[in-house]
Amino acid sequence: MSSGSALRALAAGAALLAAGCFGSSAAPDYYTLRPQAGAAAGSPVASRPELGLVVGPIELPRYLDRDEIVTRDAAYAIVPWDEHRWGGSLRSDVLRVLGDDLGTLLGTTRVAVYPVEPLFPASYRVLLDVLEFEGIAGGSVTLRVRWTVTDGTGMQALAIEQSRVEQPIVATTFGAIVAAESAALGTVTGQIATKIAALAAR
């Protein structure tokens with residue numbers, strides 16, 4: 001074989017090896033949280049179409065503020081899964097679902113989700129500080145979140161609460177983990193809606 005032919009064969013072999021190492025990995029699976037009003041969040045707690053709600057901003061731990069879905073492997077170990085990712089981001093998903101469910105539970109369509117500012121008078125703002133939000137495969141999802149309801153200006157806190165939810169994961173799939181996270185968020189949303197309904201009734 002000539003030196004030119006040998007070089008071409010070597011280059012072709014290297015290309016095939018590179019394709020085998022880097023080109024055959026499966027594309028990631030993408031997931032989103034789903035609204036839960038009427039299910040995990042419960043039945044509507046009020047019909048207040050006059051209410052104007054602003055949802056967000058939200059604070060997330062740095063280890064959760066990423067594209068990959070994160071699970072917990074042990075008390076101090078977390079696992080980010082490169083092949084299982086959020087379709088958008090966990091940050092935007094939580095706010096979107098919270099706004100959707102709050103509107104349903106409180107009977108209002110006047111809901112603005114951060115960073116969008118409302119084009120209507122705001123009655124209340126909901127601020128979130130997520131402390132923990134991940135699952136253990138074959139176990140449960142833990143959601144710990146500190147939430148604040150303020151007046152429409154966002155300058156005066158009317159309620160400051162902390163919720164903790166343990167939601168069982170019904171199967172050993174990432175779809176089941178995300179479904180449990182949706183249900184856990186729905187439970188907290190129900191608690192927030194109940195507090196806002198009580199404030200509005202004063």
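The values are calculated or read from the model by the stated rules, or taken from the named source; none is laboratory data. Owing to the predicted nature of the structure, the values given are computational and were not obtained by experimental measurement. Note: ideal-geometry Cβ built from the backbone for every residue, glycine included; neighbour counts use all protein chains shown. Side chains included, ligands, DNA and RNA excluded: accessible areas come from the protein's heavy atoms. Shrake-Rupley method; radii C 1.70, N 1.55, O 1.52, S 1.80 Å.
Points worth noting:
- The set of residues from the range 44-68 being of a type in the set (A, V, I, L, M, F, W, C) and out of contact with any Gly (no Cβ under 9 Å at 6 or more places or on another chain) comprises I58, L60, L64.
For (1) in contact with a helix residue (DSSP H, G or I) (Cβ under 8 Å, 6 or more places away or on another chain); (2) buried (at least 19 other Cβ atoms within 10 Å of the Cβ); (3) of a type outside the set (K, R), each residue gets a yes or a no:
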position	(1), (2), (3)
A46	yes, no, yes
G56	yes, yes, yes
E59	no, no, yes
Y76	no, no, yes
S89	no, no, yes
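- Some residue of the range 5-27 being open to solvent by 60 Å² or more (accessible area, probe 1.4 Å), under 26 Å from the mean Cα position of the chain (by Cα) and modelled with pLDDT of 55 or more: yes
Per-residue answers, yes or no, for (1) over 14 Å from I196 (Cα atoms); (2) crowded, with 20+ Cβ neighbours inside 10 Å; (3) touching a residue at least 12 places away in the same chain (Cβ under 8 Å):
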residue: R72; (1), (2), (3): yes, no, yes
residue: V97; (1), (2), (3): yes, yes, yes
residue: T104; (1), (2), (3): no, yes, yes
residue: Y114; (1), (2), (3): yes, no, yes
residue: P118; (1), (2), (3): yes, no, yes
residue: R125; (1), (2), (3): no, yes, yes
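- Looking only at the range 140-182, and only at residues there that are among the polar types (S, T, N, Q) and either touching a Ser or Thr at 6+ places or on another chain (Cβ under 8 Å) or under 22 Å from P61 (Cβ atoms) (or both), the one that is surrounded by the most Cβ atoms within 10 Å (Cβ to Cβ): S182
- Of the residues contained in the range 68-78, none is found to be among the polar types (S, T, N, Q) and touching a Lys or Arg at 6+ places or on another chain (Cβ under 8 Å).
- Answer residue from the range 61-70, given it is charged (D, E, K, R) and assigned to a loop (DSSP other than H, G, I, E, B) and is most open to solvent (accessible area, probe 1.4 Å) among those: R62
- Boolean, I160 is among the β-branched types (V, I, T) and modelled with pLDDT under 95: no
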